[in-house]
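What follows is a single structure, written as structure tokens, with notes after it.
The values are calculated or read from the model by the stated rules, or taken from the named source; none is laboratory data. On a predicted model such as this, the values are computed, not experimentally measured, just so you know. So basically every Cβ, Gly included, is an ideal-geometry build from the backbone, and we count neighbours across all protein chains shown.
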Amino acid sequence: MSRTVLHSTPQRCLVMGIVNVTPDSFSGDGLGKECDILGAAVAQAQRFAAAGADILDIGGESTRPSAAFVDEAEETARVAPVIRAIRAELPDIAISIDTYKAKVAAAALEAGADIVNDVWALKADTDMARIVIDAGCPAILMHNRSKPGHADIDRRLGGSYAAPDYGANFLETALEEMRRMMAGAVDAGVDPARLYTDPGVGFGKTPSQNMALIEAIDKVREIGYPVLLGASRKSFMGRVLDLPADDRLETTLATTALAVIRGAAIVRVHDVTENVKTVRMTEAMLAAGRAARGAA
């Protein structure tokens, strides 16, 4: 896959594989405790690429509730060598840096990353928009109303950020906030053709609100940008079906299938092999249905 495919609306749903270079990932897949972090990260990246991943998302700081803050220097030290090593082994795959810190993003882009994936939509660091503009790279902006310290922590099911008051109509409020979020980036000078919207499943929403957002991805698309869904293994699934993080494969696949049906451009996942199969099969069924209706 050409890395430049991300500069325009893709013709199929892309699969983004999560590579967590952290010791404290909520789902237990962080590589930060490995003796050979570089080797483990490259091996995981190679497995994901072989399984059909289009993008690798490299993260050096956990965004789970109660996670420890990681400063710029430490986060850069975690992610830049990993990106450089993966780029050397996989020169054609797209690489995303999952960070809200401008200096980390700049170092990651220099090391070989192609995309900035910012959970605070360029707002947490005033220099982030300039980094994206100067690099001319795609940027994924996430709707996020979570507040550090405002979370429900369950020892078995994990943590979930408390949901604020969205008023009488959650969906309309969230959509309007996403419109303003995207408009703010464009007003700052970011090329709208290189922007993606992430509705922020798991960040300041109730389980019902998270599910409503996934079901309404087609409405999120109407804002005018391709949509990324990041629902993989998240705690709302555990709360709906009483499942720990290591038992949420099938629930993740359900969200992936619905995301494809609703027109998502990217799904961000931990279990690449299974999600690639789900994406491709869902697309095949949709295409067969369109062909049958066209022939009728």
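Determine which member of the set E61, E89, E75 is surrounded by fewer than 20 Cβ atoms within 10 Å (Cβ to Cβ), closer than 23 Å to V269 by Cβ and without any contact (Cβ under 8 Å) to a residue 60 or more places away in the chain.
E89
Hey, among A257, A264, which residue is outside any helix (DSSP H, G or I), over 24 Å from P164 (Cβ atoms) and modelled with pLDDT of 95 or more?
Going through A257, A264 in turn, the sole match is A264.
Looking only at region 98-114, count every residue that is touching a residue at least 40 places away in the same chain (Cβ under 8 Å), surrounded by 24 or more Cβ atoms within 10 Å (Cβ to Cβ) and touching a helix residue (DSSP H, G or I) at 6+ places or on another chain (Cβ under 6 Å) and tell me the total.
Taking region 98-114 first, the residues touching a residue at least 40 places away in the same chain (Cβ under 8 Å) are 98-99, 104, 108, 113-114.
Within this subset, residues satisfying the condition of being surrounded by 24 or more Cβ atoms within 10 Å (Cβ to Cβ) are 98-99, 104, 108, 113.
This time we only want the ones that are touching a helix residue (DSSP H, G or I) at 6+ places or on another chain (Cβ under 6 Å), so: 99, 104, 108, 113.
Looking only at that region, the number is 4.
Restricting to region 177-219, count the residues that are assigned to a helix (DSSP H, G or I), hydrophobic (A, V, I, L, M, F, W, C) and under 16 Å from A139 (Cβ atoms).
7
I'd like the residue in region 124-161 that is modelled with pLDDT under 95 and charged (D, E, K, R) and, out of all such residues, is surrounded by the fewest Cβ atoms within 10 Å (Cβ to Cβ).
R155
Could you list all residues from region 202-212 that are touching a residue at least 40 places away in the same chain (Cβ under 8 Å) and buried (at least 24 other Cβ atoms within 10 Å of the Cβ)?
Correct list: G202, K205.
Got a sec? Which of G202, G224, G263 is at positive phi and touching a Phe, Trp or Tyr at 6+ places or on another chain (Cβ under 7 Å)?
That would be G202, the only listed residue that is at positive phi and touching a Phe, Trp or Tyr at 6+ places or on another chain (Cβ under 7 Å).
When both residues are 6+ apart or on different chains and their Cβ atoms are under 9 Å apart, which pairs have a first residue that lies in region 258-276 and is under 12 Å from A216 (Cα atoms), and a second that is among the small types (G, A, S) and at pLDDT 95 or above?
From region 258-276, the pairs are L258/A264; A259/A231; R262/A216.
Residue by residue through region 116-140, note down the ones that are out of contact with any helix residue (DSSP H, G or I) (no Cβ under 6 Å at 6 or more places or on another chain), of a type in the set (A, V, I, L, M) and closer than 23 Å to L14 by Cα.
Within region 116-140, V119, V132, I140 qualify.
Restricting to region 220-242, and then to whatever is buried (at least 18 other Cβ atoms within 10 Å of the Cβ) and assigned to a helix (DSSP H, G or I), can you tell me which residue is modelled with the highest pLDDT?
So the residue we want is V220.
Being among the small types (G, A, S) and modelled with pLDDT of 95 or more narrows it down to one of A41, A108, so name that one. It would help to see each step written out before you state the result.
On the way: A41 fails: modelled with pLDDT of 95 or more.
Residue meeting the stated conditions: A108.
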